[in-house]
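Structure first, then comments.
Here, each number is a calculation from the coordinates, and none is a lab measurement. If you're wondering where the values come from, they're calculated on a predicted model, not measured in any experiment. Cβ atoms come from the backbone with ideal geometry, glycine included; neighbour counts cover every protein chain shown.
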Amino acid sequence: MKQSKLFTKARREAPADEVSKNAQLLIRAGYVHKEMAGVYDFLPLGLKTLNNVIGIIREEMNAIGGEEVLLSSLQDPELWKKTKRWGDEDVDVWFKTKLKNDAELGLGFTHEEPITRLMRDHIASYKDLPRYAYQFQNKFRNETRAKSGIMRSREFIMKDLYSFNRDEAQFKEFYEQAAEAYLRVFTRAGIGGQTYRTFASGGSFSKFSDEFQTVCEAGEDLIYIHEGKKIAINEEVCTDDVLADLGIKKEELRQEKSIEVGNIFPLGTKYSAALGLTFKNADGKDEPVWMGSYGIGPARLMGTIVELLSDERGIVWPASVAPFAVHVVSLGKPGDEVAALADGLYAELSEKGVAVLYDDRDLRPGEKFAESDLLGMPARVVVGKDAVATDTFEVVDRKTGTVEKVARAALVARFS
């Protein structure tokens, strides 16, 4: 992509009404556009990054047997009344609307109820189990106060997976597979070293659920980390009884602020029993299906990466999620030999399948370098007069700031 043609616009200053670092940087760098409080549009750079995050999650969900579906956002109130989650006194984040005939509808904030009803048409026997269905879909939550940029918004994409098993033992086996898959997602996204499987309240379903919390000063949660076991405990459940269950002493823990980047939840038979999802076991007896739910917000993960890995100059994307692998910056003027060399390098890298952002604009070098730092591609390749003379290029690592001179053939081979 030539930067002169890219639909984006970098800004010198952060918007005055944004306090979160991720929103400030993503808006300044032209990744997102703010429609209103808690509602963001993803521009080309932002959408490419978001899709890379989604791609990582999709691969890991497929690897554990997930099958991708897409359910409707419009929700039937009668279904949710059966599980007592329609009334505002029970769930206070609904966006509700009406049809022309005055019938009420909701915009889905999660999908346990509809997917449970859907599975009644597909699960009849123990031979139909297990089943693992997931989706990437827009969710709507009427947050009282939307904040934290793209990490907490009123409309957002969620990856929600739902598991359907014959019994508790089969469910627990998959639950652990899902937990491991989540840790792989966060490692691949560049924040694995700061992310911990975290014991949290299971509500009415179980003693515990599992959150995945990333240590970050911008976080809204407090967790207590046991580094030796690579686990954490949410402040809300960090009691003497819980510590005894986990075999942990309080003095072995350290307190940190954190961002919740995912959660997995045992549902038991709550929804299957309420909505009539049963199967016939090997003896022909009807039994309720065991269920679990598993959520990750790709935009929330993207925002967390910005919060955690950015520096004073701008965003620092891990290579796995960056919209482009290389930022080629030409210091030439249109039509001169430097620009011609940069054009040729851009074409050669592109032909090799390398995702390249090429700054071909006629701007001062300082402006280009500052914007390159703000955009945060993993590597910057500078094409100047020295490159014309030597056919070697200055390669700058965005994360470490290290600079090295690389010959053209080696450079192309490296990024290919």
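Between rounded, prolate and oblate, where does the stretch 162-251 land on the alpha carbon gyration tensor, with a ≥ b ≥ c its root eigenvalues, rounded for a/c under 1.5, else prolate if a/b exceeds b/c? Cα axes put the stretch 162-251 in the oblate bin.
Distance between the 7 Å Cα→Cβ label points at residue 370 and residue 386: 2.3 nm.
Global dimensions of the stretch 171-317 from alpha-carbon coordinates: Rg and Dmax equal 17.7, 66 Å. Near residue 100, which aspartates and glutamates are there with a Cα under 16 Å away, not counting those fewer than 8 places off in the same chain? In chain and number order, the partners are 76. Working from label points 7 Å from Cα in the Cα-to-Cβ sense, the residue 319 to residue 362 distance is 3.6 nm. In units of the compact-protein estimate 2.2 N^0.38 Å, the stretch 94-191 shows a Cα radius of gyration of 1.37.
Of all segments of the chain bounded by trypsin sites (Lys or Arg not before Pro) found in a DSSP loop with no more than 13 other C-beta atoms within 10 Å, the longest spans 13-83. The Kirkwood radius of the stretch 326-415, taken over pairs of alpha-carbon atoms, gives through the Stokes-Einstein law at 4 °C and 1.567 mPa s a diffusion coefficient of 101 µm² s⁻¹. For a straight C-alpha distance cut-off of 13 angstrom, the aspartates and glutamates reachable from residue 34 (same-chain residues fewer than eight places away being disregarded) are 17, 18, 155. Candidate membrane-span-like segments in the chain, meaning DSSP H helices with Cα atoms spread over at least 18 Å of their own axis and a Kyte-Doolittle mean of -0.5 or above, are 44-63, 337-351, with no membrane implied. Near the amide H of residue 261, within less than 5 Å, lie the amide hydrogens of 212, 213, 214, all on another chain or at least 5 residues away, with H placed in the peptide plane. In the stretch 5-160, Rg over Rh equals 1.04, where Rg is the alpha-carbon radius of gyration and Rh the Kirkwood radius from pairwise Cα distances. When the P(r) of the stretch 1-82 is calculated, the portion above 17 Å amounts to 64% of the C-alpha pairs. Charge tally for residue 397 (other residues, Cβ to Cβ under 15 Å; Lys, Arg +1; Asp, Glu -1): +2. Cross-link pairs exceeding 32 Å between alpha carbons, from the set 21/139; 207/285; 172/285; 82/285; 48/81; 48/229: 48/81; 48/229. Simple rule: put +1 on each Lys or Arg Cβ and -1 on each Asp or Glu Cβ in the stretch 29-179, find the dipole, and look at 37, 109, 144; the Cα lying farthest toward the positive end is 37.
Put a plus charge on the Cβ of each Lys and Arg, a minus charge on the Cβ of each Asp and Glu, and nothing anywhere else: the dipole of the stretch 21-309 about its Cα centre is then about 720 debye. Expressed in Å, the radius of gyration and Dmax of the Cα atoms of the stretch 99-146 are 15.4, 46. If you wrap the chain in the convex hull of its Cα atoms and look at it from every side, the mean projected area works out to 24.6 nm². When the GluC sites (Glu not before Pro) in the stretch 327-388 are filtered for DSSP coil states and for at most 14 other beta-carbon atoms within 10 Å of their beta-carbon, no site remains. Available extension along the chain between residue 406 and residue 128 is 94.4 nm, counting 0.36 nm per residue and deducting the alpha carbon span.
How long is the gain from residue 142 to residue 350 if the chain were fully straight, where each residue apart is worth 0.36 nm and the alpha carbon distance is subtracted?
Values: separation 208, 0.36 × 208 = 74.88 nm, distance 4.34 nm.
That pair, residue 142 and residue 350, stretches by 70.5 nm at full extension.
Taking label positions 7 Å along the Cα-Cβ direction at both residue 414 and residue 249, the computed distance is 4.9 nm, reported to one decimal. Expressed as a fraction of 2.2 N^0.38 Å, the C-alpha radius of gyration for the stretch 270-334 is 2.31. Applying 1/(1 + (r/R0)^6) with R0 = 60 Å to the Cβ-Cβ distance of residue 176 and residue 16 gives a FRET efficiency near 0.80.
Residues within the reach of a label modelled at residue 4 (point 7 angstrom out along Cα to beta-carbon, backbone nitrogen below 12 Å), restricted to the stretch 360-392, are 360-363.
Total lysine pairs in the stretch 326-415 at Cα distances under 17 Å, for residues eight or more apart or on different chains: 4. Taking amide H as placed 1.01 Å from N in the peptide plane, residue 279 has its amide H under 5 Å from the amide H of 287, 289, each at least 5 places away in sequence or on another chain.
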